[in-house]
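Below: the structure, in structure tokens.
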Amino acid sequence: MAGGITQTEYWNGEVGARWARNQAVLDGMFVPLTEALFARLPFDPGDTALDIGCGSGATTLEAARRVGPGGAITGADISAPLLAVARSRVAGEASGAAPIRFVEADVERADLGHFDIALSRFGVMFFSDSGRAFANLRRMLKPGGRLTFLCWRPLSENLWVSVPRDAVLPLLPEIPPPPQPDTPGPFRFADADPLVALLRGAGFARVTCDALDRDIVVGQGATDAAATDAATRVSLDLGPSSHLIREAAPDLRARAEAAVTKILRPYAQGGVVRLRAACWLAQAA
Ligand SMILES: C[S@@+](CC[C@H](N)C(=O)[O-])C[C@H]1O[C@@H](n2cnc3c(N)ncnc32)[C@H](O)[C@@H]1O
């Protein structure tokens, strides 16, 4: 649940619509992380792959390009608006890629076939029962198949989240309570040990969890001021702290924007605001 609503409601509501509208911004921001994910995915021609929580499909399209026409890729997600964006992007793909099927499905329970590879960019932290979901994913892997995914390390290590959050928190009437342990959310797998135990419990024998740190572009523009404005918008509208002021009155929103712009301005250089992102790159077989 997110604020008393289910994940299906969450990703089909205002948040899903915002992510869908900002697909290009989010994909641009995640480029260095996506490259690191694919560097760990040794696709063979003809492989079949499942993209878990594929969202607007950037990683599904990339997997299809890598596997080539003899393979087949499935992108699964519970968000209709994000899947609509994903489907619209397939038409623009050059030939030579694997055929792609996008399905609206809850990966925690669905049986989507059998795959050589299951992958995800930040799509595995939102299951209601992670143990059941990872066991289901394992069932969908062929013998020798491998699960590879990115998830976030702790918020405090993700400066792209913590820096703007530090500017917003003092403005709020109340400090929001920390998330309950093991509930859906971006930082659910911040600690590697419980994640590794969870994957082993789901039946994976070989599990690795490697730290991945990259500077990501949170905003860019013709000037440093424009880049900072863009980074402020990303922080307050799209990032994991956006829920803090999603329903704020205009006055609080304006003060939050000013505070985030001020705190981000020193990070702008050459028309780009870059901040550190900290992930786990997990593999299980
Ligand atoms: C943080 S977004 C990441 C989207 C995409 N992978 C990307 O990197 O742009 C998380 C995605 O997981 C999806 N999701 C959450 N729970 C899911 C579930 N049980 N089954 C399938 N998709 C799910 C959401 O709808 C959302 O698209």
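Observations
- Test: ASP210 is outside any helix (DSSP H, G or I), of a type outside the set (Ser, Thr, Tyr) and surrounded by fewer than 17 Cβ atoms within 10 Å (Cβ to Cβ): yes
- Qualifying residue in segment 145-163 (condition: open to solvent by 40 Å² or more (accessible area, probe 1.4 Å), away from the ligand (no atom under 16 Å from the Cβ) and farther than 25 Å from GLU35 by Cα): no
- Count of residues meeting criterion [in contact with a helix residue (DSSP H, G or I) (Cβ under 8 Å, 6 or more places away or on another chain) and part of a strand (DSSP E or B)] in segment 134-148: 2
- Residue, most open to solvent (accessible area, probe 1.4 Å), within segment 189-207, restricted to residues that are aliphatic (A, V, I, L, M) and in a helix (DSSP H, G or I): ALA197
- Annotation: of all residues in segment 1-56 being assigned to a strand (DSSP E or B), more than 8 Å from the ligand (Cβ to nearest atom) and of a type outside the set (Val, Ile, Thr), the one that is most open to solvent (accessible area, probe 1.4 Å) is ALA2.
- Scanning segment 232-253 for residues that are among the small types (Gly, Ala, Ser) and assigned to a helix (DSSP H, G or I) turns up SER235, SER242.
- Any hit, segment 165-176, residues being open to solvent by 30 Å² or more (accessible area, probe 1.4 Å) and within 17 Å of ARG153 (Cα to Cα): yes
The values are calculated or read from the model by the stated rules, or taken from the named source; none is laboratory data. Remember, predicted model here, so these are calculated numbers, not experimental data. Here the Cβ is made from the backbone with ideal geometry for all residues, glycine too, and neighbour counts use every protein chain on show. Ligands, DNA and RNA are stripped out before the accessible areas are found, and what is left, the full protein with its side chains, is counted by its heavy atoms. Shrake-Rupley method; radii C 1.70, N 1.55, O 1.52, S 1.80 Å.
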